[in-house]
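Working notes, beginning with the structure itself.
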Amino acid sequence: MSPPVPRAPHVRETEERPVRDATRARRFRQAAFVYLHVALLYEYAAYAMWQAGMLPERFGHPAIWLGAGAVVGCAVFAGLYWWQNVWFARVIWLVHGLRLPTLISGAFLRGTEGGIAPSFYLVALVIVVINLWMLARAAWEI
């Protein structure tokens, strides 16, 4: 029995590439849907806070910000789902990661005197970390 003939590197790469591309596309779609759910949670939380009179109006009416948040959330979802650009996912990961200090402070360092329970921040912290994980899977092939 003769040993198997080694294939040229370019043949092996072209055979594996469709599988790798399909896996990458699936990861982007998953990240897109996780981000969409995070955006929905933020929208509904902001709406509930608005109804409770907890949103300030010094930067404009809260309805404007809710609308802008919905547009941004849908744009990020669409970008992740259809565009599937790694740099776009990395930028979203970075911007989304900037939420962590506020969430950590609210969950662990503040008392209840602020009007929002620390558990609110703790749940948001868990959700943001899950979203960061899904974005990282798409952006860096983790």
Q: Output the relative contact order of the stretch 9-140, whole-number percent, from Cα pairs under 8 angstrom with separation of 6+ residues.
A: 34 percent
(Q) Quick check: pseudo-label points 7 Å beyond the Cα along Cα→Cβ at N85 and A22, how many nm apart are they? (A) 2.7 nm
Q. Most exposed first by the Cβ proxy, i.e. fewest other Cβ within 10 Å, how do Y44, Y35, Y81 rank?
A. Y44, Y81, Y35
Q: List, in order, the whole-Hz ³J(HN,Hα) value for each residue of the stretch 128-140 obtained from phi through the Karplus relation with A = 6.51, B = -1.76, C = 1.60 and θ = phi - 60°; use x for Gly and Pro.
A: 5, 5, 4, 5, 4, 4, 5, 5, 5, 4, 6, 6, 10
Q. Which shape class, rounded, prolate or oblate, goes with the stretch 46-142 when its Cα gyration tensor gives a ≥ b ≥ c as root eigenvalues, a/c under 1.5 marks rounded, and past that a/b bigger than b/c marks prolate?
A. oblate
Q) Amide H to amide H under 5 Å from R110: which residues, 5+ apart in sequence or cross-chain, H placed 1.01 Å off N in plane? A) none
Q) How large is ³J(HN,Hα) for each residue in the stretch 94-107, as worked out from phi by the Karplus curve 6.51 cos²θ - 1.76 cosθ + 1.60 (θ = phi - 60°), to whole Hz, x for Gly and Pro? A) 5, 5, 5, x, 5, 6, 4, x, 5, 5, 5, 4, x, 7
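Bear in mind that the values in this text are calculations on the coordinates, not laboratory data. In this text, all values refer to a predicted model and were calculated from it rather than measured experimentally. Reconstructed Cβ throughout: ideal geometry from the backbone, glycine too, with neighbour counts over all protein chains shown.
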